Amino acid sequence: MGIKTKITAFMISLLVISGCSSNSSQSVEEVDHSNMNEEMDHSTMNQDEMENEHMSHDEVVSLNDSTGENELKIPSVLEHDDEKGSVYTVRAQKGKTEIFDGTETVTYGYNGSFLGPMIRLEKGDTVKIKTVNELDEETTFHWHGLEVAGSADGGPHESLKPGEEKVIEFKVEQEASTLWFHPHPEGKTAEQVYNGLAGLIYIEDDNSKSLGLPNEYGKNDIPLIFQDRTFDDKKQLNFSAAMNDDGTIGDTLLINGTLNPKLAVNKEKVRLRLLNGSNARNYTFKLNTGDSFVQIATDGGFLNKPVTLKEITLTPSERAEIVIDFSQLDTENELALINEDGSILLPFEVSDQNGKVSEIPGEMNNFSITEEEKSLPVTKKLELFGMMDQVTINGKKFDPERIDFTQQQGETEVWEIYNKPDEMGGMIHPFHIHGAQFKILSRNGEEPPENERGWKDSISIHPDETVKIAIQFKHKGVYMFHCHILEHEDNGMMGQVKVE
């Protein structure tokens, strides 16, 4: 089937969708579908625009191989403002960065020109963060994966105008994990992240310190922020030229903002904290030698036991911590982390030196899904659907004045999320909920794979797949839930839950 035929078939399928109105007496909360046909009007889309869109993420432009000519940059650790170590300042800024030798690229960053520092938090601490907008446009500061009150979460309602600042305060009550922060202004998230606004948050606790895992930041505990970009002929990040309504995909990979990176390691176990910080690209990470590695953590915390894998796929905003034992690998030949199609993402340069001895314990956490959680009824149903700028959740686009769901603080509910395919098969939607970590109960009625049996805040949902999650909000406020393909989010694939 040709591309024009596929598009026509998809458009027809959208036009024949029948609406159904929600019943206020239902126990399962769903959003009204009655105005779906009106919202799915494609009349303003011209043929050239449609032909320029990629229809799925199965066949996307490959990444250029990393030549390994540049040492991987490691984000700095954000210093606190006071002696007690509980006050931090984070500034959104515009600057210029020499990504390519001899050329300055206009970029955004936190406390610098590109990307941001790592913020290290301790469970039990009360933290204050002063956020300052030094851009010439509105932005927000969203703490992705952090369990905070809705007023501190940094969704589109918490926008700061140029020159404005805000102080948020919260107590760190969740377990050790790798989180991140990025902007979330309505309709502008994709561009601001693309230009460089992203940073990391590490939470540590007594358990993480006692496990004996590699923990020397920047030496055997390495953050890796993966982002694909397209640069124009002047080596600039021209988002308007590169932008794609179905997710902006680039041919040039930056890791921690480094072009053509390599990572020098000793012969020891090395912990890699993987973050898919791309707007839309999915990554399937594996070693070019076919050797296995061990996954130790999901988005929101440690797995109970290490899981041995040969590859791991992360969709936008998902994180995973893995450990590679370089003392057990054949380092005579080239060694690299590659993508599913064989693209070289990160070459490793292994020294002859033996590094620090560390262990991966057999027991790392006590994560569990209770019998009560397994027996809870589904109380919220969501249907993800569409592509390009015609993406919806339950037939509706985001409305900042509309509350889609309500939930009680501290009460666990089961949400059922379905990715409805279209005439072309549909595409993977990475689904994210603000303000909470959740448990995956099932994928299409089956237990999730071992490496997903841990805390999550983002989940990959394939076309025609139904996922059930158990979620509890510890704080009150209004929180977003949305597709984390950032262009889909900007195009309205987002809703709101009010926690009371």
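The values are calculated or read from the model by the stated rules, or taken from the named source; none is laboratory data. Note that the structure is predicted; figures quoted are calculated from it, not measured. Heads up, the Cβs are rebuilt from the backbone with ideal geometry, glycines too, and the neighbour counts pull from every protein chain shown. Accessible surface areas use protein heavy atoms only, side chains included; no ligands, DNA or RNA. Shrake-Rupley method; radii C 1.70, N 1.55, O 1.52, S 1.80 Å.
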Problem - Filter result (without any contact (Cβ under 8 Å) to a residue 60 or more places away in the chain and either at positive phi or open to solvent by 40 Å² or more (accessible area, probe 1.4 Å) (or both)) within segment 384-415 - result: D399, E401
Handout entry: Residue among E349, E321 that alone is surrounded by fewer than 17 Cβ atoms within 10 Å (Cβ to Cβ), closer than 18 Å to D221 by Cβ and not polar (S, T, N, Q)
Key = E349
Handout entry: From the options F141, F181, F114, residue that is under 19 Å from H432 (Cα atoms) and either in contact (Cβ under 8 Å) with a residue 60 or more places away in the chain or more than 23 Å from the chain's Cα centre (by Cα) (or both)
Key = F181
Completion exercise
From the option list G155, G102, G150, G116, single residue qualifying as closer than 30 Å to T67 by Cα and surrounded by 18 or more Cβ atoms within 10 Å (Cβ to Cβ) is G116
Practice task
Could you grab me the full set of residues in segment 192-212 that are buried (at least 23 other Cβ atoms within 10 Å of the Cβ) and either among the acidic types (D, E) or farther than 20 Å from Y108 by Cα (or both)?
Solution key: I203
Exercise for the section: Determine which member of the set N333, N366 is more than 23 Å from the chain's Cα centre (by Cα) and under 28 Å from I203 (Cβ atoms). Expected result: N366
Practice task
Taking only segment 443-474 into account, find how many residues are under 20 Å from D404 (Cα atoms) and either open to solvent by 40 Å² or more (accessible area, probe 1.4 Å) or free of Cβ contacts under 8 Å to residues at least 24 places away in the same chain (or both).
Solution key: 3
Problem - segment 332-341, residues that are open to solvent by 40 Å² or more (accessible area, probe 1.4 Å) and more than 18 Å from Q227 (Cβ to Cβ) - result: E332, N333, E334
Practice task
Tell me, please, whether a residue that is surrounded by 15 or more Cβ atoms within 10 Å (Cβ to Cβ), of a type in the set (F, W, Y), more than 28 Å from G257 (Cβ to Cβ) and touching a Leu at 6+ places or on another chain (Cβ under 9 Å) can be found in segment 295-303.
Solution key: no
Practice task
Could you check F431 against (1) in contact with a Ser or Thr (Cβ under 8 Å, 6 or more places away or on another chain); (2) outside any strand (DSSP E or B) and say which number it fails?
Solution key: (2)
Completion exercise
Condition set of a type in the set (S, T, Y) and either in contact with a helix residue (DSSP H, G or I) (Cβ under 9 Å, 6 or more places away or on another chain) or modelled with pLDDT of 70 or more (or both), scope segment 48-72, selection surrounded by the most Cβ atoms within 10 Å (Cβ to Cβ): answer is S66
Practice task
Would you mind stating whether T308 is farther than 21 Å from T230 by Cα, open to solvent by 10 Å² or more (accessible area, probe 1.4 Å), free of Cβ contacts under 8 Å to residues at least 40 places away in the same chain and in a strand (DSSP E or B)?
Solution key: yes
Handout entry: Breaking point among (1) among the acidic types (D, E); (2) under 24 Å from T252 (Cα atoms); (3) surrounded by fewer than 19 Cβ atoms within 10 Å (Cβ to Cβ), for E363
Key = (2)
